[in-house]
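Have a look at the structure below, then the notes.
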Amino acid sequence: MTSKRFGTRLASVLAPAAAGLALLAATGDAEAFKLDGPPKIAFIYASAAQDGGWDEALEIGRKAVEEQLKLPVAVTENIPEEATKLRAAIDLYVKRGYNIIVGTTYGYSAPIAEAAKAYPNVAFLNASGTTNGANLESFYARTYQGWYLAGIAAADATKSKKIGMIAGFPVGVINWDINSFALGAQSVDPAIQTTAVYTNSWWDPVKEGQVADAILDQNADVIATDLSSVAPLDAAEKRGAKSIGYQLDMSKAAPKGILTSVLFRWDRYLVPTIKSIVDGTWQPKPYGAFEGLESGVVDLAPFGPSVTAETKAKIEAAKQAIIAGKLDPFQGPLFKQDGSQVVAAGAKVDDEALWNMNYFVKGVIGTMPASTNP
């Protein structure tokens with residue numbers, strides 16, 4: 001299941017990188033990368049491409065590359081996060097003349113960096129990776145921006161002023177989703193409480209459904225999931241509650257109660273980036289690509305039937321403010337769950353602090369356990 005690998009990816013937290021994504025950064029002013037020969041593109045997945053979650057979101061991006069750039073893209077699935085097996089797959093592609101190779105998981109970071117050194121004429125991209133170089137760029141998304149908008153939708157939908165979010169493990173890129181969701185809701189009504197529960201798993205539909213029911217039993221009437229399973233949405237739908245999905249449009253699981261889903265739109269990164277490689281204008285970002293609403297890499301799915309025009313307008317206004325830099329979900333003053341101030345008025349959480357986020361903000365109900373590395 002992708003969620004297991006998705007969790008491995010997230011568990012990195014990327015905390016050691018002072019600038020955010022990179023552990024190995026390119027230095028100096030680099031010239032644009034030039035392909036040696038006509039472009040031949042390949043994607044390598046750690047599990048099935050049609051997995052219902054992380055890989056499938058990337059697979060949609062791969063298909064967009066084929067359709068928009070009119071280039072065939074090869075696919076290899078089920079290559080585990082093991083250096084020798086990944087390297088064997090890369091070596092085979094290079095021998096066959098492939099010169100643009102896209103990895104899809106954090107666990108590929110070190111071996112793909114070694115491959116990039118061994119094959120300096122091959123362009124490498126890696127989703128959620130931590131390594132970068134003259135011919136390698138890792139990429140991830142500012143998911144917290146989308147969750148802030150989803151929080152606004154939840155705030156306008158709740159009647160009990162209690163909403164909930166189900167997540168996997170307490171790592172930075174999960175914690176920022178929970179906190180931003182809560183802050184988005186509080187921007188509408190500061191009295192709204194957000195119950196956050198970790199399942200300590202990246203794929204456990206039975207447990208996720210049970211947790212959703214438990215949160216609903218506490219009078220919450222909006223359930224959001226930060227995982228790949230639709231089980232929490234199923235639970236909410238059966239009880240007449242509203243719900244918010246993640247990674248893909250989950251509206252089929254909750255056609256009546258869905259508010260929206262926070263989406264990855266990797267085509268918005270992959271198509272222009274691979275086009276620049278083909279055109280000979282690509283210059284890998286030294287600290288990797290970390291895009292959000294401004295490029296469309298993070299977005300919301302179409303709204304559900306209960307979302308009003310007024311709510312849609314409110315969300316669009318916040319979206320445009322974030323894109324314009326006038327609004328940051330983590331701008332100060334920002335307070336932790338215990339009431340202590342973590343960000344002063346006029347300041348905001350920088351990228352390094354985002355990756356290291358290990359606290360709940362005020363208004364979140366739940367316990368922040370010690371960070372784990374599943």
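The values are calculated or read from the model by the stated rules, or taken from the named source; none is laboratory data. Since the structure is predicted, the reported quantities are computational estimates derived from the model, not experimental observations. Positions of Cβ are generated from backbone atoms using ideal geometry, with glycine treated the same way; all protein chains shown enter the neighbour counts. Side chains included, ligands, DNA and RNA excluded: accessible areas come from the protein's heavy atoms. Shrake-Rupley method; radii C 1.70, N 1.55, O 1.52, S 1.80 Å.
Here are some notes:
- Members of the stretch 38-63 found to be without any contact (Cβ under 8 Å) to a residue 60 or more places away in the chain, open to solvent by 10 Å² or more (accessible area, probe 1.4 Å) and under 18 Å from Tyr108 (Cα atoms), listed by number: Ser47, Ala48, Glu59
Every residue, every condition in (1) in the same structural domain as Asp249 (by the TED database); (2) modelled with pLDDT under 95; (3) not charged (D, E, K, R), yes or no:
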| residue | (1), (2), (3) |
| --- | --- |
| Tyr106 | no, yes, yes |
| Asn126 | no, no, yes |
| Lys162 | yes, no, no |
| Met165 | yes, no, yes |
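- Residues in the stretch 188-235 that are under 12 Å from Ile166 (Cα atoms) and among the acidic types (Asp, Glu) were compared, and the one that is surrounded by the most Cβ atoms within 10 Å (Cβ to Cβ) is Glu208.
- Single unsatisfied condition, Lys312 versus (1) outside any helix (DSSP H, G or I); (2) without any contact (Cβ under 8 Å) to a residue 24 or more places away in the chain; (3) surrounded by 14 or more Cβ atoms within 10 Å (Cβ to Cβ): (1)
- Hits in the stretch 236-247 - residues which are among the hydroxyl-bearing types (Ser, Thr, Tyr) and closer than 18 Å to Ser160 by Cβ: Ser243
- Of the residues making up the stretch 64-75, just one is open to solvent by 30 Å² or more (accessible area, probe 1.4 Å) and under 18 Å from Ala48 (Cα atoms), namely Val75.
- Any chance Gly280 is at positive phi and open to solvent by less than 70 Å² (accessible area, probe 1.4 Å): yes
- Of the set (1) closer than 13 Å to Phe139 by Cβ; (2) touching an Asp or Glu at 6+ places or on another chain (Cβ under 6 Å); (3) open to solvent by 10 Å² or more (accessible area, probe 1.4 Å), all apply to Ile323 but (1).
- Scanning the stretch 216-244 for residues that are touching a strand residue (DSSP E or B) at 6+ places or on another chain (Cβ under 6 Å) and among the charged types (D, E, K, R), we see that the one that is nearest to Pro302 (Cα to Cα) is Lys242.
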